[in-house]
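One structure is given below, encoded as structure tokens.
The values are calculated or read from the model by the stated rules, or taken from the named source; none is laboratory data. None of the values given here were measured: they were computed from a predicted structure. For neighbour counting, all protein chains shown are included, and Cβ atoms are generated from backbone atoms with ideal geometry for every residue, glycine included.
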Amino acid sequence: MTEPIYTDPIYYVDRSDIHEGKVAEVKSGMRDLAAFAEEREPQLIAYHFYIDESESTMTVLAVHPDSASMELHMELGGPKFRAFGALIRMRSIDVYGRPSPEVVTQLRQKAEMLGGGTVNFHTPQAGFSRLHPPRNTAQGSRAG
């Protein structure tokens, strides 16, 4: 029996409550972690941090090309994630795609480390992604 290949994109969203008085530290940590990932993970398609208007909730959005990318991100980022432990309480992690069993384990460990939030997995049913601009097929194809 062959090992399954996890090559579908993985969309990751997590939400955390920011501890009172920790917004400035969270913002600094977000910038640090984003720069760290950008420098060390060229395969990562998107990695963004958001804070709501009341500055009480942090949301992280990431797009990985495949499960291997997410596994690498979890390995490299582990020590950086731990630094958020005193700043936030993880509320939830939602993963859209087909993560490997290793990624599933890593995400559950991360949620536990950051406050024990829920981890939810959503299996793709239909749809498509345009992760690159479409090729310009309309230009130059008009008949005169």
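Quick rundown of the values:
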read-out: Residue list for the range 91-105, restricted to those being polar (S, T, N, Q) and touching a Ser or Thr at 6+ places or on another chain (Cβ under 9 Å); value: SER92, SER100
read-out: Flag if ILE5 is of a type in the set (A, V, I, L, M) and at pLDDT 95 or above; value: no
read-out: Qualifying positions in the range 46-93 - out of contact with any helix residue (DSSP H, G or I) (no Cβ under 6 Å at 6 or more places or on another chain), of a type in the set (Asp, Glu) and exposed (fewer than 15 other Cβ atoms within 10 Å of the Cβ); value: ASP52, GLU53, GLU75
read-out: Condition met for ALA62 (among the hydrophobic types (A, V, I, L, M, F, W, C) and either modelled with pLDDT under 95 or not in a strand (DSSP E or B) (or both)); value: no
read-out: Residue list for the range 55-75, restricted to those being hydrophobic (A, V, I, L, M, F, W, C), closer than 30 Å to GLU20 by Cβ and without any contact (Cβ under 8 Å) to a residue 40 or more places away in the chain; value: MET74
read-out: The range 74-119: number of residues that are assigned to a helix (DSSP H, G or I), within 13 Å of the chain's Cα centre (by Cα) and hydroxyl-bearing (Ser, Thr, Tyr); value: 0
